[in-house]
Structure formats: structure tokens, C-alpha cells
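S.K.: Quick one: the structure is below, and I'll ask about it shortly.
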Amino acid sequence: MEIDKAIRESDDRRLKTKYNNAINVIQRTLALYSIEEVAFSFNGGKDSTVLLHLLRAGYFLHKGEQSCSNGSLTFPIRTIYFESNSAFPEINSFTYDTASKYVLQLDIIRSDFKSGLEALLNAKPIRAIFLGVRIGDPTAVGQEQFSPSSPGWPPFMRVNPILDWSYRDVWAFILTCKVQYCSLYDQGYTSIGSIHDTLPNALLCISDSSNNQEKFKPAYMLSDGRLERAGRVKKVSPSICGTAIANVMDNVDSHKSSLLKASAIAVGDEILFGTIEDQLGPSLCKKLHSIGWSVSQIAVLQNDIDSVAEEVERQKASHDMVFVYGGVGPLHSDVTLAGVAKAFGVRLAPDEEFEEYLKQLIGDHCTGDRNEFCNGNYQQPYNLGSQETFGIQISQMALLPEGTTELLHHDKLLLPLIKCQNVIILTATNVTELDKEWNCLIELLRSGGLSLMEPYTSKSLTTNLSDLEAAQPLSKLCLEFPDLHIGCYRKSRQGPLIISFEGKDKPRIEAAIESLCKKFHRGAFSEVV
């Protein structure tokens, strides 16, 4: 069988592992159900194309070579195709050409997915359907390799042989096995939906200034598989490159005139016990103020998944950006990622792209199956100042919130930063590391639409006035200048009262200071240099 032969002859150990796992799922399914009880949902896309050829190989291996006649084996698994008026013509053409080439038993459904599936299952004894769903797909949340259909749907078993495959794995299979795929992928499309919401991926755009035409590299040249759905947008204009990479990332806020608000969450029992002092929070506040953002709060939480989940859920709904630090890693106390996942209502799932970075960082000692890692069966030690089990370390660190995570790559960072919508997870453990992560983050998010606003200006005065003398005039001053932050504090009970003014309009700060000075005798205040 040409597919199995191509994989066996490949030097890609990762692809071999993925292939073997998928074949095992297919063979288990064919052992559990008769051939009349299984079906395959094909939509002409890259994932279902991969699944088609995995099913061909799996069925061949299941039946054995003795069943072959003249070097070929018919493919008896019923194939379901939901035809839509909004599908690309190229998708329809590829589907029918593929059905003809491999003699597929094609059931064409032209109604909506649910009612069409109900009618088909009523007419045929189908109990299990193979799907090309992968982690990161909108429909993949909560699914396993074998998952019963959702409540309210006709009962059948969803079988997902490529659930843990990455974008890179899909294209590695297609190119290694030299199978045909829809021509749209050679035109820069990386994820294909309908004609109304799908564009070529802007990251593959090749600008041609000579004739103002837009050209695109093929889909398999996309370096970051997490951005495969970047072309799934509303078609608002014929220009793709003009939208730039800002369409790829989530804009924090497009209104420059509004006040952008951030918050920070520190996770660590060691802070609450007083074992260490939180230095990252104050440093992060200064950095946010330097780009014109206000910080409403810093929360310090214990190492508890529910505590992290509740706080992240609350803050992400009321802030433009939330920064979380501490509690990231493979240790029992590292609960941050699990808490963030719970806040978004998703599970922690293996992330192929992130695992690759971890392997490259730590060393290419790990070539086995991820399931072996997760079960702790891979026992080759990794020694970098410790004797921790390498496989367990990798498996735990490569779990990220499913379907919401975006990896932000920068050549100055050993590992990409983790972004879940408006939640940024920092791995820095000291101010020096935070400085590096922050500079890279600002550079990355600036190209993705981050609003860098006018930075805050501050000025401080000192006075020997008592709190009682200063209280009422300062209250009135706050009413006169509601756009400024006017604060008061003492470094010691016997020390002078320090009055701080913060805002984005320097003349307004000067006006507030002048107004305050007029309320008291000359020389009552001194400016802090």
C-alpha cells in the first residue's frame, strides 16, 4: 500500500508516531464496528484529505495484503459529503475528482448538517463516523479520539484519528505521501471555510510592487501552524496584504481615545507566605504606565486551580489585558495554565508546536509518543542541574489551554510567549527576565494592533502640612481635575506628606499644582526632583 510504504521509508520519526497512533485508532474502530456501521465525513479540506488516506491505509492493514486484487483494494467505507452553495468551486471539484479516483461510496447531503445527518442515520445502520477534527478546531473542545455525539444530535460515535495532529503534521503527511490536495492551498489558503468568510492567509502574502498584484506562497510554507485560521475573516475589502498582520492577532482595543485598563495576577504561595517579595508586579505597572495603560489592580493568589480560574475569568471580562505570572512549569505547584484553561471553559491539551520548542530548548532526547510521556513511561533522564524525568517534564509543560492559545514567537526568546485572547502568561521569575519578555512582547503586539498610548506624566510635591490641613483642599482639587490621579502618602509617620499627580496631559498637571498652591500660603509645598 503506497501510503504505508511512504511513511515507513520516511525519516520523520514524529510523523511515524502520529501515523501509527492514527492507524491504531482506525483499526480499533474497524474491530468494534462492521464496515456497514462506519462512515467517513469528507469535506475536501486538508484534514479530511489526510484522514481519507489514513483510512485507506488502515483498511488495507486491517484486511491484510491477501485481500488485495491486482495490487489495489477497494475502499468500502461510506463517505459523507455535505454540499453547500457557499462552498468554493475548487472544493467541490476536488471532492468529486477524489471520489471518482478512489471509487468512494459518496452520500451527498444538500440540507443542513444536523437534519441531513439525522436522515442518513435513519436510513443507514451507521454507528460511528470518522472525522478530521484536530485540537484547536472550534468543534474540538472536549473531544477525545472516541467521543459520543453531543446531546440533541442523533446518536453515533465520533472517531477522531488525527485529533492530536498539528498543522505541521498534516502537511508533513501530505508532502511525504505525495497525495493530491485542493488547489486552493497552493493559493495561500491555510484553512478553508465558505466563500463568505475565507481569505488567503496574509502571512503568506508576497507583495509585487511592479504590478500591484497580490501573490501567495502555498499553505505548507506557513511557519506558525497556530495561525492557520488567520484567513477565516469577513471579506470587507479585496485587499489582503493591506490588512497586514494586525488581522492575525486580536486587537486589544481600537479606540485610541479611550483609557486602556490592565490588571496583573501573581500566582504563588511563596508570596503569600512572605518567603519572597513580589518584584514583578511593581515593575509591570511601570512598564504599562510607560505605554499609557492604567493598572487597576494586582491580585496575589495561592497555588490553586479554582482560585486562578475565578480571578482570571473575572479580570479578563473587565480589563483590556490581563497579565499572569508565576506558577508556570511542570511542578505540582504550577497551576497557572490549568487555571487559565478553566477560566476559558476549555481543557489543557497537548500542543504540538509548543512541544517542538521545548524539545529544541532542552535537547533532542525525546522521539517517542506523547501518550508515553503523559503516562510517565518515557524515563530517559534530562540533566540540567537536576535529575527530573525528561518525558514527564516535557508532557506537562506542553499542555496549553485548548483552542484559545496563541504562541507569540520572537527570535530573542528561547520559548514563545503564551497568549490566550486578552490574557498574557509570563514566565519571567525576576525583573531582568521580565524586561526581556516585555520588550519582545511590545514589539510583537505592536505589529498585531496593540494600542500604545500617550505615556503617563507624573510630578510630586512635599509638604509639612498635617493630613487634616490638607484633606479638604485635596478633596476639592480632585473634583476640579477628575482626569488626573492625585495621591497622597508618607514614607514614615513623621516624614513629610507627599502628593503625587499623574496624568497624560502635562499642562493639566501644572494647572492642578498651581491651583493647589493657591489654596495655601507661599512656600507650603516643595517640588520633588
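The values are calculated or read from the model by the stated rules, or taken from the named source; none is laboratory data. Here the structure is a predicted model, which means the values were calculated and not measured. Note that each Cβ is placed from the backbone with ideal geometry, even for glycine, and that neighbours are counted across all protein chains shown. For the accessible areas, the whole protein counts, side chains as well, though only heavy atoms, and no ligand, DNA or RNA atoms are used. Shrake-Rupley method; radii C 1.70, N 1.55, O 1.52, S 1.80 Å.
S.K.: Could you tell me which trypsin sites (Lys or Arg not before Pro) in the stretch 103-191 are loop residues by DSSP with no more than 12 other beta carbons within 10 angstrom of their beta carbon?
M.R.: Those that pass, being in a loop and sparsely packed, are R110, K178.
S.K.: S86 to K476: FRET efficiency via 1/(1 + (r/R0)^6), r the Cβ-Cβ distance, R0 51 Å, to the nearest 0.05?
M.R.: Calculated value: 0.20.
S.K.: How large is ³J(HN,Hα), in whole Hz, for each residue of the stretch 187-192 in order, when computed from phi with the Karplus curve 6.51 cos²θ - 1.76 cosθ + 1.60 and θ = phi - 60°, using x for Gly and Pro?
M.R.: 10, x, 7, 10, 8, 10
S.K.: Please list, or write none, the lysines whose alpha carbon is within less than 23 Å of the alpha carbon of K114, excluding same-chain residues fewer than 8 places away.
M.R.: Counting by Cα, and skipping residues close in sequence, K114 has these lysines nearby: K46, K124.
S.K.: Another one. Order of 30-37, 147-154, 18-25 by packing, highest average Cβ count within 10 Å first? Write out the running numbers ahead of the final one.
M.R.: Details: 30-37: 13.8, 147-154: 11.4, 18-25: 20.4.
The most tightly packed comes first, giving 18-25, 30-37, 147-154.
S.K.: Taking amide H positions as placed in the peptide plane 1.01 Å from N, state which residues far from I109 in sequence (5 or more) or on other chains have amide H under 5 Å from it.
M.R.: Result for I109 returns Y81, F82, E83.
S.K.: Stretched out fully, how many nm does the piece from S526 to L272 gain, at 0.36 nm a residue minus the Cα gap?
M.R.: Residue separation times 0.36 nm, minus the Cα-Cα distance, leaves 87.7 nm.
S.K.: Moving to a separate point now. Over 26 Å between C-alpha atoms is what I'm after, so list which of K16/K178; K412/K459; K16/K63; K18/K215; K16/K215 land there.
M.R.: Working: K16/K178 15 Å; K412/K459 35 Å; K16/K63 21 Å; K18/K215 33 Å; K16/K215 34 Å.
Over 26 Å apart, Cα to Cα: K412/K459; K18/K215; K16/K215.
S.K.: Work out from phi, with θ = phi - 60° and the Karplus expression 6.51 cos²θ - 1.76 cosθ + 1.60, the ³J(HN,Hα) of each residue of the stretch 84-95, listed in order in whole Hz, and give x for Gly and Pro.
M.R.: These are the phi-based 3J(HN,Hα) values: 9, 5, 9, 7, 5, x, 5, 5, 4, 4, 4, 4 Hz.
S.K.: Mind checking which aspartates and glutamates have their C-alpha under 14 Å from K504, skipping anything on the same chain fewer than 8 residues away?
M.R.: Leaving aside aspartates and glutamates fewer than 8 places away in the same chain, those within reach of K504 are E454, D483.
S.K.: Keeping all protein chains in place and using 1.4 angstrom, which order do L468, L51, L413 fall into by accessible surface area, from largest down? Intermediate results must be reported in sequence, preceding the final value.
M.R.: Values: L468 160, L51 0, L413 30 Å².
From most accessible down to least: L468, L413, L51.
S.K.: Another question about this same structure. Charges only on Cβ, +1 for Lys and Arg, -1 for Asp and Glu: so what's the dipole of the stretch 93-133 about the Cα centre, in debye to the nearest 20?
M.R.: The dipole of the stretch 93-133 has a size of about 100 debye.
S.K.: While we're looking at this one, here's another question. Note down the nm distance, to one decimal, between modelled labels 7 Å out along Cα→Cβ at E443 and at K114.
M.R.: 4.9 nm
S.K.: Once the piece of chain linking D411 and Y96 is laid out straight, how much longer is it, given 0.36 nm per residue of separation minus the C-alpha distance between them?
M.R.: Stretched fully, the D411-Y96 segment lengthens by 109.0 nm.
S.K.: What figure in square angstrom, to the nearest 10, would you give for the accessible area of F94 with a 1.4 Å probe?
M.R.: Roughly 30 Å² of F94 is accessible to a 1.4 Å probe.
S.K.: With a cap of 16 neighbouring Cβ atoms within 10 Å, and only residues DSSP puts in a loop, list the trypsin sites (Lys or Arg not before Pro) found in the stretch 432-491.
M.R.: Details: sites: K436, R446, K459, K476, R490, K491; in loops: R490, K491.
Sparse-neighbourhood loop trypsin sites (Lys or Arg not before Pro): R490, K491.
S.K.: Taking the solvent-accessible surface of protein heavy atoms with a 1.4 Å probe, what is the per residue accessible area of the stretch 52-180 in Å²?
M.R.: 47 Å²
S.K.: Okay, next question. Normalising by the residue count of the stretch 1-139, find the relative contact order in percent from Cα pairs under 8 Å and 6+ residues apart.
M.R.: Relative contact order, the stretch 1-139: 32 percent.
S.K.: Mind giving me the nanometre distance, one decimal, between the label points for Q105 and S466, set 7 Å out from Cα along Cα→Cβ?
M.R.: Placing both labels 7 Å along Cα→Cβ, they lie 9.5 nm apart.
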